[in-house]
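Scroll down for the structure; my scribbles are underneath it.
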Amino acid sequence: GETGDGAPSVSAVSGFESDLADLIDDHVRACGGDVSFDAFKAHWQSRSFSFVHNARLVELLEGEHAQMLFSTTMPYLSPDAGPTVRRIAARYALPLLYHTQQLAPRARVYVTPRDVRRLAQLVDTCVAMGAADAVRAAKELVDDQAFVVGVSDQTRAEALDDAIAEAEARTRTTSASAARHKKRKTSHAGSDATRGDGDDDVDRAVPSDGK
């Protein structure tokens, strides 16, 4: 169950890593590019994945087990961990692991400077592609003070806070712009309908490029 220095055994870590990889990859195959939190959460629940907290080795304290789960998730956030949808799925796994743990108060997520950089980079990527749920999930963990960053790298924690704040601002700007565009489009469509020739239902069913 444990190595000589008290760390979880390789088999314990690799067992969860295999389960996590299977969960994430199966979701990526089935989601059709859906990067919403609800889509991943539904997949998580269909597998009753929260029971992973019950698979604790007797040699480990609950907090140690929780941290092993968090730490195993972190590499999946890396830019070289695969497609962005896969990284976002791992991003959603982290708050679900955090919020479903059985400890009270909850064990916090220890992150290294490298982990913080990965989190901040992924937030930027999510903003660029409009994945608002992923940005929100990151912000909620920061607001809950779920992360413990290495003492020597406090500036990285501040960088993550700044990235989240900037991401929120970009998301609000993008959403407002999309709403204005939709309003203009709706107004234009209404004007066209007023001048229509009676084939409105057919026209609406045909894509704009005629396909």
query: When residues of the range 24-38 are filtered for being crowded, with 17+ Cβ neighbours inside 10 Å, more than 11 Å from Arg91 (Cα to Cα) and of a type in the set (A, V, I, L, M), how many remain?
result: 1
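Please list, ordered by residue number, the helices (runs of 4 or more DSSP H) wholly in the range 69-149 having 1 or more residues that are over 15 Å from the mean Cα position of the chain (by Cα) and closer than 15 Å to Asp34 by Cα. Steps first, answer last, please.
Numbers: elements: 84-100, 113-129, 132-143.
Where helices (runs of 4 or more DSSP H) fall fully within the range 69-149, none carries at least 1 residues being over 15 Å from the mean Cα position of the chain (by Cα) and closer than 15 Å to Asp34 by Cα.
Condition test on Asp209, is it modelled with pLDDT under 65 and either open to solvent by 40 Å² or more (accessible area, probe 1.4 Å) or over 30 Å from His65 (Cβ atoms) (or both)?
Working: modelled with pLDDT under 65: yes; either open to solvent by 40 Å² or more (accessible area, probe 1.4 Å) or over 30 Å from His65 (Cβ atoms) (or both): yes.
The answer is yes for Asp209.
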query: Which condition breaks for Asp162 when tested against (1) open to solvent by 10 Å² or more (accessible area, probe 1.4 Å); (2) modelled with pLDDT of 75 or more?
result: (2)
query: So is Arg106 open to solvent by 40 Å² or more (accessible area, probe 1.4 Å) and over 21 Å from Ala137 (Cα atoms) or not?
result: no
- line: Considering residues that are buried (at least 19 other Cβ atoms within 10 Å of the Cβ) and small (Gly, Ala, Ser), the number found within the range 44-83 is 1
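The values are calculated or read from the model by the stated rules, or taken from the named source; none is laboratory data. No experiment lies behind these values; they were computed from the predicted model shown. Ideal geometry is used to build each Cβ from the backbone, glycine not excepted, and the neighbour counts take in all protein chains shown. The accessibility values were calculated without ligands, DNA or RNA, using every heavy atom of the protein model including side chains. Shrake-Rupley method; radii C 1.70, N 1.55, O 1.52, S 1.80 Å.
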